[in-house]
Amino acid sequence: MRATIIHAPGDIRLEDVPDPVIAHPTDAIIRLSATCVCGSDLWNYRGVNEITKPFAIGHEYAGVIEEVGSEVTSLRPGQFVVGSFIASDNTCDICRAGYQSGCEHMRPVRGAQAEYLRVPLADGTLVATPEPPDPDLVPDLLAASDVLGTGWFGATAAEVGPGKTVAVVGDGAVGLLAILAAKELGAERIIAMSRHESRTALARAFGATDVVAERGPDGVAAIKELTGGLGAHSVIEAVGTDESMTQAIDSTRAGGHVGFLGVAHGVEISGDKLFRRLVHLHGGPAPVRRFLPHLIELILDRKINPGKVFDLTLPLSEVAQGYAAMDSRQAVKTLLEP
Ligand SMILES: [Zn+2]
């Protein structure tokens with residue numbers, strides 16, 4: 001099969017590799033209907049993460065089961081499934097508490113920018129649709145695999161709810177879908193912190209009521225001004241830098257909640273700030289599996305349209321162009337068709 005291999009920063013190649021096979025009796029092999037490039041893949045592409053040897057990249061996936069291992073009981077070939085970037089048993093104490101991304105038996109899912117993918121712990125990880133979805137829903141279902149589920153976790157971690165004012169730091173796909181999540185969870189006011197016109201338009205389409213273009217202390221001042229000097233009840237951080245985390249914490253009112261999602265790179269929050277700001281902080285790798293059944297239902301009922309974050313669709317053979325377009329911010333998110 002063909003799979004995407006990253007060799008070095010900026011060096012993305014589609015290569016012929018052996019087809020994945022069942023390695024453990026709890027595995028499933030799926031044929032990808034669609035996959036995509038993640039903002040976190042760009043940390044590798046840009047050389048922020050060190051690449052010691054070439055590896056198969058990609059962790060967002062939706063597709064059809066080809067084969068299951070002998071211990072897989074709840075799934076069968078032919079079913080359309082969505083799963084998360086972390087495989088989980090969905091039965092341990094941590095999973096049952098809704099934190100599948102911290103599962104006792106967690107396994108990373110990697111190599112999804114390909115034609116086929118092996119998914120470990122298939123029974124716990126994959127969620128099947130009742131029947132094969134209409135083709136136009138595939139991008140929405142793919143979005144649920146990571147960016148929608150992650151945005152939803154951010155909104156949940158930030159305790160978004162009716163009557164609340166929510167601010168979202170970051171206008172990548174996760175930030176944009178955190179806006180969608182905040183709207184679905186009943187937020188009264190949603191402030192998108194974004195300075196790019198096309199992204200601002202999408203933010204409004206997903207439910208943003210206000211847009212703040214300023215960053216850093218100016219951005220915090222703008223949020224304060226919109227909230228009677230107090231700050232937002234709920235702030236969702238979707239970047240992962242020291243500046244964005246500081247902006248999120250400082251935009252939150254005393255007693256409020258920050259849900260942080262961006263993979264942290266160089267974040268250094270002082271103990272003094274943690275102590276004095278009097279806010280709740282919760283975040284990390286999103287337990288997407290917790291939300292998948294609900295998100296899939298909303299998508300199949302056509303109540304949400306998260307696939308709108310894909311503003312570039314390319315055949316898998318053009319995966320390198322897909323990375324380049326996101327790296328230069330010409331595209332919010334690239335969908336790849338195997
Ligand atoms: Zn578990």
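The values are calculated or read from the model by the stated rules, or taken from the named source; none is laboratory data. Note that the structure is predicted; figures quoted are calculated from it, not measured. Positions of Cβ are generated from backbone atoms using ideal geometry, with glycine treated the same way; all protein chains shown enter the neighbour counts.
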Answer from A187, A208 - the residue that is aliphatic (A, V, I, L, M) and either modelled with pLDDT under 95 or farther than 26 Å from T334 by Cα (or both) = A187
Under 6 Å between Cβ atoms, at least 6 apart or on separate chains: pull out the pairs that start in the stretch 236-264 with a residue that is under 12 Å from L281 (Cα atoms) and end on any residue that is aromatic (F, W, Y).
-> E237/F260
Inside the stretch 242-277, can you point out the residues that are hydrophobic (A, V, I, L, M, F, W, C) and farther than 20 Å from G161 by Cα?
-> M245, V263, A264, V267, I269, L274, F275
Does R276 satisfy being touching a residue at least 12 places away in the same chain (Cβ under 8 Å) and surrounded by fewer than 22 Cβ atoms within 10 Å (Cβ to Cβ)?
-> no
Those residues that are closer than 19 Å to R329 by Cα and among the basic types (K, R), I need them from the stretch 211-233; list them, please.
-> R215
What residue, among those in the stretch 103-118 that are within 15 Å of the ligand (Cβ to nearest atom) and assigned to a loop (DSSP other than H, G, I, E, B), is surrounded by the fewest Cβ atoms within 10 Å (Cβ to Cβ)?
-> E104
Look at Q330 and say whether it is polar (S, T, N, Q), assigned by TED's automatic domain parsing to the domain that holds A62 and under 21 Å from H59 (Cβ atoms).
-> no
Got a sec? Which strands (runs of 3 or more DSSP E) wholly within the stretch 177-283 have at least 1 residues that are over 17 Å from the mean Cα position of the chain (by Cα) and closer than 22 Å to F310 by Cα?
-> 189-193, 210-212
For R290, work out the one condition from (1) in a helix (DSSP H, G or I); (2) surrounded by fewer than 18 Cβ atoms within 10 Å (Cβ to Cβ); (3) at pLDDT 95 or above it doesn't fulfil.
-> (2)
Within the stretch 294-317, can you find the residues that are under 25 Å from P338 (Cβ atoms) and either assigned to a helix (DSSP H, G or I) or at pLDDT below 95 (or both)?
-> L295, I296, I299, L300, P306, G307, K308, V309, L316, S317
Does V160 satisfy the criteria of being of a type in the set (V, I, T), more than 24 Å from G63 (Cα to Cα) and either touching a Leu at 6+ places or on another chain (Cβ under 7 Å) or surrounded by fewer than 24 Cβ atoms within 10 Å (Cβ to Cβ) (or both)?
-> yes
Of all residues in the stretch 318-338, which are outside any strand (DSSP E or B) and within 16 Å of A3 (Cβ to Cβ)?
-> E318, V319, A320, G322, Y323, P338
Name every residue in the stretch 233-251 that is touching a strand residue (DSSP E or B) at 6+ places or on another chain (Cβ under 7 Å) and within 23 Å of G39 (Cβ to Cβ), in order of residue number.
-> S234, V235, I236, E237, A238, V239, S244, M245, Q247, A248, I249, S251
Using the structure shown, decide if A232 is touching an Asp or Glu at 6+ places or on another chain (Cβ under 6 Å) and in contact (Cβ under 8 Å) with a residue 12 or more places away in the chain.
-> no
Considering the stretch 119-151 alone, what residues qualify as being of a type in the set (D, E, K, R) and surrounded by 24 or more Cβ atoms within 10 Å (Cβ to Cβ)?
-> D140, D146
